[in-house]
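> My questions will all concern the structure given below.
The values are calculated or read from the model by the stated rules, or taken from the named source; none is laboratory data. All figures in this text were calculated on a predicted structure; none of them were measured in a lab. FYI the Cβ positions are ideal-geometry reconstructions off the backbone, even for glycines, and counts take in every protein chain you see. The protein model used for the area step is the full one, side chains on, heavy atoms only, and it has no ligands, DNA or RNA in it. Shrake-Rupley method; radii C 1.70, N 1.55, O 1.52, S 1.80 Å.
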Number of protein chains: 2
Amino acid sequence: MKVGNIVQKNFKTIDQNATVFDAVKMMNENGLYGLLVTNGDNHYVGIISERSIINRFVLRNVPASEVLVKSVMRTPLPRVMGDDDVKDVASFLANSGLSRCAVFDRNDKLLGIITITDLSRHLSVQSVSEVLLSHRSRKFKFRCPVCMVGTMEPVYNAKGEITVFKCNNESCGHME
Amino acid sequence: MKVGNIVQKNFKTIDQNATVFDAVKMMNENGLYGLLVTNGDNHYVGIISERSIINRFVLRNVPASEVLVKSVMRTPLPRVMGDDDVKDVASFLANSGLSRCAVFDRNDKLLGIITITDLSRHLSVQSVSEVLLSHRSRKFKFRCPVCMVGTMEPVYNAKGEITVFKCNNESCGHME
């Protein structure tokens, strides 16, 4: 089964300069658990999910209206092709620590999003279990937007609050 | 298969008067996605998960250190018995909008917790898909702790912030 045949077309998008508050409001109002993120040029630049909000917002310890989606989203946008097989997409999600990603066609046109739940109908029980377990034990790596080599890691203060994310490539050290 | 045979024993607990900040810190440090909640008497009174944090904390729009776990947890504690069959537990989770619950033995001793991921190994593909889809479309009902009849519903201000949770039983109207 090709993933393009089972892609979800009822996704919603949010601007990267919207806040985490706006994002969760939109998710709650629409019964969604993730949103695609666009930049000012209507390019898709990332994806925001419950997991990324828990990992990259809550420990900043500030109100949700004070943190921008672009500081929390998973970027670059995790993506697969519409003619990829569901098994390969499941492996990609499992290995990347993701529950969802974007699906594009060969002309780079967005088809929609796909989640582990969508894939579960088309995999064996063993595969579903492996994907469910694996995507929870792997951490999504936030690639540094400057050096494109390092990974952005949280820096904590004495209270355990996240003060900033810093590139772990010592020759880069980009912070945001 | 009885759920007692596959229960997770590596759960962690947190006091109901700890903060959402403390809870997410503990979850991150231990690679967990939910915690059992205890009261001062070491009784289990609820469960906190990524979903309950998204639904009941983020739209309050205050820092995570200012909201107590007891205001966010799912209570009364969702629970099943160790000799319940995995299929029945899966239906319970699906119908309750839950991804996890506590498992007790006949002497009311806690055995551990069980999640949809744990159950997925022991169900058919069709069942797994149904559970994954269903638990996301149902909303967990927070029973009113005063009248025990109504459901606690969020009340929003003009900005869309949650100001309080109010019992929807008109003859009660309890707020917290």
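> Considering A:Thr38, A:Thr13, which residue is under 29 Å from B:Tyr156 (Cβ atoms), open to solvent by less than 30 Å² (accessible area, probe 1.4 Å) and away from chain B (no Cβ under 13 Å)?
The unique qualifying residue is A:Thr38.
> So which residues in the stretch A:1-30 are touching a helix residue (DSSP H, G or I) at 6+ places or on another chain (Cβ under 8 Å) and charged (D, E, K, R), if there are any at all?
Within the stretch A:1-30, A:Lys2, A:Lys12, A:Asp15, A:Asp22, A:Lys25 qualify.
> Also: Check A:Asn55, A:Asn95 and return the single one that is in contact with a His (Cβ under 9 Å, 6 or more places away or on another chain), closer than 25 Å to A:Cys167 by Cα and of a type outside the set (Gly, Ala, Ser).
Values: A:Asn55 fails: in contact with a His (Cβ under 9 Å, 6 or more places away or on another chain).
Only one candidate passes the filter, namely A:Asn95.
> Look at the stretch B:80-112 and say how many of its residues are within 14 Å of another protein chain (Cβ to nearest Cβ) and either among the aliphatic types (A, V, I, L, M) or at negative phi (or both).
Here the count works out to 7.
> Another question about this same structure. Among all residue pairs at least 6 apart or on different chains, which show Cβ distances below 9 Å where the first residue, located in the stretch B:23-36, is assigned by TED's automatic domain parsing to the domain that holds B:Ile48 and the second is among the β-branched types (Val, Ile, Thr) and open to solvent by 50 Å² or more (accessible area, probe 1.4 Å)?
As it stands, the answer is B:Leu35/B:Thr13; B:Leu36/B:Thr13, since those pairs meet every condition given.
> Among the listed residues A:Val58, A:Val67, A:Val45, A:Val80, which satisfies the condition of being of a type in the set (Val, Ile, Thr), open to solvent by less than 40 Å² (accessible area, probe 1.4 Å) and either at pLDDT below 90 or closer than 26 Å to B:Glu130 by Cα (or both)?
That would be A:Val80, the only listed residue that is of a type in the set (Val, Ile, Thr), open to solvent by less than 40 Å² (accessible area, probe 1.4 Å) and either at pLDDT below 90 or closer than 26 Å to B:Glu130 by Cα (or both).
> Could you look through the stretch B:128-146, keep only residues that are among the aliphatic types (A, V, I, L, M) and either open to solvent by less than 20 Å² (accessible area, probe 1.4 Å) or touching a residue at least 40 places away in the same chain (Cβ under 8 Å) (or both), and pick out the one that is farthest from the other protein chains (Cβ to nearest Cβ)?
B:Val131
> Would you be able to say whether some residue in the stretch A:28-35 is under 20 Å from A:Thr151 (Cα atoms) and out of contact with any Pro (no Cβ under 6 Å at 6 or more places or on another chain)?
no
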